[in-house]
Amino acid sequence: MTPTSSRFRGTEKYLSSEGLQAAVNCALTLQRPLLVKGEPGTGKTLLAEAISEALGMRLIPWHVKSTTRAQDGLYVYDTVQRLYDSRFGDGDVKDIRRYIRLGPLGEAFSAKERVVLLIDEVDKADLEFPNDLLHELDRMRFRIVETNEEVVAAHRPVVIITSNNEKELPDAFLRRCVFHFIDFPDTDLMRRIVGVHHPGLDAELAEQALKVFYELRGFSRLRKRPTTSELIDWIAVLKASGVQSFKLDENLPFLGALLKKEQDLMAVAEAFGRGRRTRA
């Protein structure tokens, strides 16, 4: 289980800062999970896809829910299907292996090659999940009780864990991860990101869109500030509709592509409908 010799430098479509690149490469060298935090729209989930592409490794995603357990990531014994087969005579119910379904973690351990494992939104699960998860990652092996088989990882996966800061994570979990907080892109980086998604975009339209976007994000009354993905979608609609010029006022086109809460739409309409702006 030797560290990978490749270094992550981002991809053509995923522009990353030097700090993020350093954090990824630190995790690769130490073979530790990389815990990534940041507000929505900063590219936490897409980072795993970019690492997979850059290093030529298969990506295995694991999207965590409130009911997720670490055991679910290893394997699931499908007793319902076995019961169904026993009642209707479909298949050999004595072969228990037919009813073992590997989870994302189990699939990563059993892979013949090194893979990238994305554990997305780890803070959605209960408080015991992070520590249980690291216990399994430390052992790099697990036993399937129903068949008494042991799965031993040939390669330690590249583990990317994302968090939206919905709850505090245990100190023991944090100690064993490499950590990076992704700052929201500044104007220069966002300009490059827009250029990747909309090559050949009219420079004046791009600058107007960026100006309005950051002005909206500066409104203190917004409950959900627009993110990168919403900016990209908004520009796509502006291009498709042939909009050439606009400014932040009550007639801003396709505002619903940027703001997704009724309260925010009302706050902007109120601010500009009265001819004044809301300052941060």
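Using Cα pairs closer than 8 Å and at least 6 residues apart in sequence, work out the relative contact order for segment 73-116, in percent.
51
Can you pull the one-decimal nm distance between simple spin-label points at residue 243 and residue 18, each 7 Å off the Cα toward Cβ?
Each label point lies 7 Å from its Cα, and together they span 3.7 nm.
If I fit a long axis through the Cα atoms of helix 262-273 and take the longest principal axis of the Cα atoms of the chain, what angle between them do I get, 0 to 90°, rounded to 10?
Approximately 10 degrees, to the nearest 10.
Report, by chain and number, residues whose modeled amide H sits under 5 Å from the one on residue 159, excluding near sequence neighbours (fewer than 5 apart, same chain).
34, 117
Cα-based count: Lys pairs in the chain below 16 Å, eight or more positions apart or different chains?
So the count of such lysine pairs works out to 11.
Take every Cα-Cα distance within segment 187-273, group them into 5 Å bins from 0 onward, and report for each bin the whole-number percent of pairs it holds.
Binned Cα distances yield the sequence 2, 14, 29, 26, 17, 9, 2, 0.
Count charges around residue 74 for me, please; just the other residues with Cβ under 13 Å from its Cβ, Lys/Arg as +1, Asp/Glu as -1.
Local net charge: -2.
For mean projected area of the Cα convex hull in nm², one of (1) 15.9; (2) 14.0; (3) 19.1 was computed from the structure I shared and the rest are decoys. Which label?
So the structure-derived entry is (3).
Using a 7 Å offset from the Cα along the Cα-to-Cβ direction at both residue 183 and residue 164, what is the distance between the two label points in nm, to one decimal?
Each label point lies 7 Å from its Cα, and together they span 2.4 nm.
Taking only C-alpha pairs under 8 Å that are 6+ residues apart, what is the relative contact order of the chain in percent?
Computed over the chain, the figure is 22 percent.
No lab work stands behind these numbers, since they all come straight from the coordinates. All of these numbers come straight from a predicted model, not from anything done at the bench. Backbone-built Cβ (ideal geometry, glycine too); neighbour counts: all protein chains shown.
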